[in-house]
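See below for the structure under consideration.
Nothing in this text is a laboratory measurement; each read-out follows from the coordinates by a stated rule. What you see is a predicted model, and the numbers here were worked out from it, not measured in a lab. Heads up, the Cβs are rebuilt from the backbone with ideal geometry, glycines too, and the neighbour counts pull from every protein chain shown.
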Amino acid sequence: MNTPTFSLCVYCGSRPGADPAFAALARTVGEWIGKHGGQLVYGGGRNGLMGIVADATLATGGRVVGIIPKALVEKECAHHGCSELHVVDSMHERKRLMAEHADAFLALPGGIGTMEEFFEVWTWRQLGYHDKPVGLLNQNGFYDSLLVFLRSSVQQKFMADWQMDLIRIDADVHRLLPALVEAAGLAPAPQLGAI
């Protein structure tokens with residue numbers, strides 16, 4: 001594969017979730033990255049949505065950079081099929097490298113690890129540590145309750161509207177992914193096979 005036109009860091013569950021639609025979403029995200037000449041940066045696991053998005057990216061010609069701490073190599077079943085697999089000493093190093101390798105960030109459905117990583121890059125952006133786009137893919141209303149809570153935090157004056165404006169929220173993967181890549185100042189390659 002040629003040099004990727006963009007690098008998207010995806011945070012998502014190491015489990016598949018209860019609804020098969022979550023696996024389908026992860027597959028769609030990976031396929032979109034691969035078909036548009038991109039690179040996936042993710043947590044390096046083979047399980048759950050993590051493995052699905054990685055496999056779909058690889059299957060459609062994309063590059064995959066997995067970054068996983070030694071302590072999780074067995075637990076999350078490190079994906080040795082990645083284009084690059086970095087085994088690091090700590091979660092802090094993992095998250096730093098993921099952020100350095102990414103042009104933009106995207107959270108899919110997931111658990112506390114996904115939430116923690118999403119909130120960290122959002123916090124880093126509000127503090128000016130980076131100016132990379134951050135997206136939340138709210139398929140089937142998965143994040144509706146979280147968004148109600150966040151808007152309540154704004155109403156209660158613990159947050160401001162400008163902080164909410166730092167993240168892009170959409171339920172449509174085909175709208176959100178190009179918007180994130182374009183907001184990073186890049187352009188996704190035309191879809192492979194498209195006229």
Counting only chymotrypsin sites (Phe, Trp or Tyr not before Pro) that are in a DSSP loop and have at most 16 other C-beta atoms within 10 Å, tell me the longest site-free stretch of the chain. 1-128
Along the three principal axes, how long is the chain when you take its alpha carbons, biggest first, rounded to the nearest angstrom? 48, 45, 35
Please give the length that would be gained between PHE119 and ASP89 if that part of the chain were fully extended, namely 0.36 nm times their separation in residues minus their C-alpha to C-alpha distance (nm, one decimal). 8.6 nm
In nm, the gap between the two label points placed 7 Å beyond Cα toward Cβ at GLN155 and TYR129 is 3.1 nm
Give me the extension gain from ARG175 to ALA18: residue separation times 0.36 nm, minus the current Cα-Cα distance, reported in nm with one decimal. 54.0 nm
Mind telling me which of LEU72, LEU177, LEU25 comes out most flexible in a GNM of the chain, alpha-carbon contacts under 10 Å? LEU72
Expressed as a rounded percentage, what relative contact order does the range 115-173 have, with Cα pairs under 8 Å and six or more residues apart? 48 percent
Starting from the Cα of THR5, step 7 Å along the direction of its Cβ; do the same at GLU100; then give the gap between the two resulting points in nm. 2.7 nm
Using each residue's phi in the range 57-64, evaluate 6.51 cos²θ - 1.76 cosθ + 1.60 at θ = phi - 60° and report the 3J(HN,Hα) Karplus result to the nearest Hz, with x for Gly and Pro. 5, 4, 5, 10, x, x, 8, 10
Å³ per residue enclosed by the Cα convex hull of the range 144-194: 75 Å³
Report ³J(HN,Hα) in whole Hz for each residue of the range 9-24, in order, from the Karplus equation J = 6.51 cos²θ - 1.76 cosθ + 1.60 where θ = phi - 60°; Gly and Pro get x. 8, 10, 9, 6, x, 8, 10, x, x, 7, 9, x, 5, 5, 5, 4
Given H placed on each backbone N at 1.01 Å, which residues far from SER7 in sequence or on other chains put an amide H within less than 5 Å of it? GLN39, ASP103, ALA104
Please list the radius of gyration and Dmax for the range 112-191, considering alpha-carbon atoms only, with Å as the unit. 13.4, 44
Find the lysine pairs in the chain meeting two conditions, Cα atoms under 29 Å apart and a separation of 8 or more places or different chains, and report how many there are. 7
Over the alpha-carbon set of the range 17-91, divide Rg by the Kirkwood Rh and report the Rg/Rh ratio to two decimals. 0.98
How high is the relative contact order of the range 47-126, given as a whole-number percent (alpha carbon pairs under 8 Å, six or more residues apart)? 22 percent
Can you give the charge dipole size of the range 7-183 about its Cα centre, rounded to the nearest 20 debye, using +1 on the beta carbon of Lys and Arg and -1 on the beta carbon of Asp and Glu? 120 debye
Given the options ARG151, ARG125, ARG63, which has the most mean-square fluctuation in a GNM of the chain, springs set between C-alpha atoms less than 10 angstrom apart? ARG151
